[in-house]
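Only one structure is covered here, and it is reproduced in the block below.
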């Protein structure tokens, strides 16, 4: 497994601590304090994943992200101290793959790094971030918004959204509970780890006409779940 | 038009001067006209001095005539407007007996001149005041007192000028001054929307009012710039705090003792929450929200699910779909806050929603101690906490942010008593918002 990670963060102590956490978990880490150092590191050897702080001296994280995206498909996780939605959306729209808000726990960063590397190793093309549609529903992966057939926005928990997005990206395919779990960051959120079934049941409450007799998300005995509608990307 | 524009009085001072000038001109014209008209109608009253002089002359002349010719002579005087009669001395004594109250009052009102020629007397009869002049032991001349009417020339001039002034000023006051000032006050009353709006106060009316409007518009710009600078500064401070906080967070994970680590993590989470709320409070600021059609039921279910996943006892009951126009993020924040408070002070929270006419009714009920009636209003103010000893977490901004959000949705927030115990937060939102603010 490729495990060469580049942290771009101007606070040396923070970068060092984060690097320590990742190294303890078997990852190979380099640190850059700004955009120029990042370029120098990348010239020396390519990185498999970049953790990018937004507030940097000189060229800021957004600009670096845009520049990187123009050249490579390297997975990018953005670190931001502003947990605001607009920031996250800007980051994801210009091509970042994930987003972590300070202060983060080591476990959270590690989980996101691993999840992202796993997804890349599956060959999921990064940047397929346009809205998806099925049966009048619209799912926007960047804004993390779902709109129903009557154009009203439907709110969802993080896990519900991740599940729905996972279903939309794999229509007509039976997804096992393990696969669904890996598609989501579920389990990171709180002390109570819900099973995939609980999240699916909640999702059905919101998108199915009759949650007791679902037509979108079907339970496959001994298999997992099947998403039946045709999904189009526009 | 350019000439008119040049001579048109643009300032209040000039408008006032123009009105006074117009009033004086009007008064002198109108006064002259009416006085002439009155004089033409009948002889009109003479001046008091003239009348006194005339009375004296008449009295002297009649006195010089032989007794038989006197009555006849008086006719002539009456024809030219001097009301004079001749009575016997006995009748004069009879006449002066017991004036009525009305006679006294009218005597006072008509102001019989105090300076009388020698020989004249003022006599109060039972229904009038008259002037008497005894011309012999037997006969007494009786004059009606000079007509000192309220409607003499001076009074007419005065009335005409005053009414012209009052009329002119009220037109100026209503049209020129009061209307723009009232409009300005109306705009300023809604301070938040005034600060947030880009619509300038219209600069019309007299020059002073226009300058005031311009000043207000400038002031708004400056207040907004000041607020934005403060907000930016505070945001930067809050933002910069996050980097050392992250270092601390990463270091805490290296603490071996689990109980120490957990309590340290809890402190850290509290600091982070406070930074969050501060940023939130600054963000909500005076900026208007963007509304979109949204399923409120799914919003409430999501909030309840998120709390339930942290182990809290919280339930949603209500319709599965309930579409209304709202700002999803803001409303989520507000409801989240109510639920968080409910779970902090109580053990379980019940969220219900219903559509009542054109209003969405959301109840968040807990089983905590509730809030005493007299403290409920205060709780919605920023930095107010109910119990300093207990509520150690947070700044006391949560409820005021939530209240602000509900107000921005043109909704109503009520803190009520939950039965059998606890607090019932009732939110009433219009199902549709004015189209201007839709996303």
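Restricting the search to the range B:10-27, which residues are surrounded by 15 or more Cβ atoms within 10 Å (Cβ to Cβ) and without any contact (Cβ under 8 Å) to a residue 60 or more places away in the chain?
Residue satisfying the conditions is B:18 alone.
Restricted to the range B:323-332, and to residues that are crowded, with 20+ Cβ neighbours inside 10 Å and out of contact with any strand residue (DSSP E or B) (no Cβ under 6 Å at 6 or more places or on another chain), which residue is farthest from the other protein chains (Cβ to nearest Cβ)?
Here the answer is B:330.
Taking residue B:357 and the conditions (1) exposed (fewer than 14 other Cβ atoms within 10 Å of the Cβ); (2) touching a residue at least 12 places away in the same chain (Cβ under 8 Å), which numbered condition does it fall short on, given that it satisfies the others?
All conditions are met except number (2).
Quick check: is even one residue across the range A:13-26 within 23 Å of the chain's Cα centre (by Cα), within 14 Å of chain B (Cβ to nearest Cβ) and over 18 Å from residue A:113 (Cα atoms)?
no
Residues to consider are B:245, B:227, B:195; find the one that is within 14 Å of chain A (Cβ to nearest Cβ), part of a helix (DSSP H, G or I) and surrounded by 13 or more Cβ atoms within 10 Å (Cβ to Cβ).
The match here is B:245.
Does at least one position in the range B:368-377 carry a residue that is in the same structural domain as residue B:403 (by TED's automatic domain parsing), over 19 Å from residue B:419 (Cα atoms), under 41 Å from the mean Cα position of the chain (by Cα) and modelled with pLDDT under 90?
For the range B:368-377, residues in the same structural domain as residue B:403 (by TED's automatic domain parsing), over 19 Å from residue B:419 (Cα atoms), under 41 Å from the mean Cα position of the chain (by Cα) and modelled with pLDDT under 90: present.
Out of (1) in a loop (DSSP other than H, G, I, E, B); (2) surrounded by fewer than 12 Cβ atoms within 10 Å (Cβ to Cβ); (3) at pLDDT 70 or above, the odd one out for residue B:43 is which?
Failing condition for residue B:43: (3).
I need the full set of residues from the range B:249-260 which are closer than 21 Å to residue A:100 by Cβ, more than 7 Å from every other protein chain (Cβ to nearest Cβ) and touching a helix residue (DSSP H, G or I) at 6+ places or on another chain (Cβ under 6 Å), in order please.
Selection gives B:252 alone.
Of all residues in the range A:1-12, how many are within 13 Å of another protein chain (Cβ to nearest Cβ) and in contact with a helix residue (DSSP H, G or I) (Cβ under 6 Å, 6 or more places away or on another chain)?
Counting residues in the range A:1-12 that are within 13 Å of another protein chain (Cβ to nearest Cβ) and in contact with a helix residue (DSSP H, G or I) (Cβ under 6 Å, 6 or more places away or on another chain) gives 3.
Can residue B:163 be described as at pLDDT 65 or above, surrounded by fewer than 16 Cβ atoms within 10 Å (Cβ to Cβ) and touching a strand residue (DSSP E or B) at 6+ places or on another chain (Cβ under 9 Å)?
In short, no.
Of the numbered conditions (1) farther than 15 Å from residue B:413 by Cα; (2) in contact (Cβ under 8 Å) with a residue 40 or more places away in the chain; (3) away from every other protein chain (no Cβ under 13 Å); (4) surrounded by fewer than 20 Cβ atoms within 10 Å (Cβ to Cβ), residue B:292 fails exactly one; give the number of that condition.
Condition not satisfied by residue B:292: (3).
So which helices (runs of 4 or more DSSP H) stay within the range A:57-176 end to end and still have 3 or more residues that are more than 11 Å from chain B (Cβ to nearest Cβ) and modelled with pLDDT of 85 or more?
Ranges flagged: A:61-71, A:106-122, A:158-169.
I need a count of the residues in the range A:26-41 that are out of contact with any strand residue (DSSP E or B) (no Cβ under 7 Å at 6 or more places or on another chain), outside any helix (DSSP H, G or I) and closer than 17 Å to residue A:58 by Cα.
2
The values are calculated or read from the model by the stated rules, or taken from the named source; none is laboratory data. Keep in mind that what you see is a predicted model, and the values were worked out from it rather than measured. Cβ coordinates were reconstructed from backbone atoms using ideal geometry, including for glycine residues, and neighbour counts include every protein chain displayed.
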